[in-house]
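These notes are about the structure you will find just below.
The values are calculated or read from the model by the stated rules, or taken from the named source; none is laboratory data. Keep in mind it's a predicted model, so treat the numbers as computed, not measured. The protein model used for the area step is the full one, side chains on, heavy atoms only, and it has no ligands, DNA or RNA in it. Shrake-Rupley method; radii C 1.70, N 1.55, O 1.52, S 1.80 Å.
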Amino acid sequence: MFFNNRLPVLMVLLTLYDQGQTGKIIGGHVAEPHSRPYMAFIRKNLANNEPSFCDGFLLNEDFVMTAAHCQANNYTVYLGVDNTKFLKNEKIQHRTVEKAFPHENYKKNEFNDDIMLLKLSSRAVVNNFVKPVALANNDDLTLPTSCIVSGWGQTQANGGISDKLMEMNVTLNENSICTKNKLYCSNGTARPGRGDSGGPLVCGQGTAYGVVSFMSQYSADLSMVAYTKIPCYSDWITSTMKKALSKN
């Protein structure tokens, strides 16, 4: 579960894996309905066919991005979701996944290269409720500011979940270990919770810079959240999508 250059041993690393329901932003607030039209709610079936959930975000009509540790036997992607109680709403698009593309260097229980593309079985229809988000490219190397994380799930560490999309502002900090491992990091009491994996870190004028990967708990009141740094994977994203589409 540790980096190649390990974080201090006093940290207790807690994955943001789903626990039967996708996690929600702890300490955040309810997002305005459909204000994050790139968000994807991902239902995934594991080996025992028990459903669980991750977050993701739409890149274009064909692909959704999420975390590599969200791998499963199969997936259903819901787009245009506000409240997960109403997944059969006529405004919501649901798609199965033709093929998953986890990064080839990702290893289970490690968090390097924790990024994955999902090729949708049929194209998403872009409208007022479903829109792709722009990605930071490999020229975007400065630390971004004014960032937001959004997701569904718990509203407090051991509490119940809300079905509505939540969001929170985060401030990224300079951290040599995170930088070396191609991550952005943030600290604070407000944070993504368990199961928020795969959601986007969106900064500036609406550009996705990171993928929610894991949390490291310093104490009961302070945690660090790590996000896979999208600019470091720009070439991989482009080549993976190109290869996937060329096979159709």
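Tabulated results
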quantity: Karplus-derived 3J(HN,Hα), 6.51/-1.76/1.60, for each residue of the stretch 46-61, Hz, glycine and proline x; calculated: 8, 4, 8, 6, 6, x, 8, 9, 9, 9, x, 8, 7, 9, 6, 5
quantity: Extension gain from L143 to N173, taking 0.36 nm per residue of separation minus the Cα-Cα distance; calculated: 10.0 nm
quantity: Heavy-atom accessible area order for E167, E61, E50, largest first, 1.4 Å probe; calculated: E50, E61, E167
quantity: Hz values of 3J(HN,Hα) by residue in the stretch 85-94 - Karplus curve (6.51, -1.76, 1.60), Gly and Pro given as x; calculated: 6, 10, 6, 9, 4, 5, 7, 8, 9, 10
quantity: Residues of the stretch 60-119: accessible area per residue with a 1.4 Å probe, Å²; calculated: 47 Å²
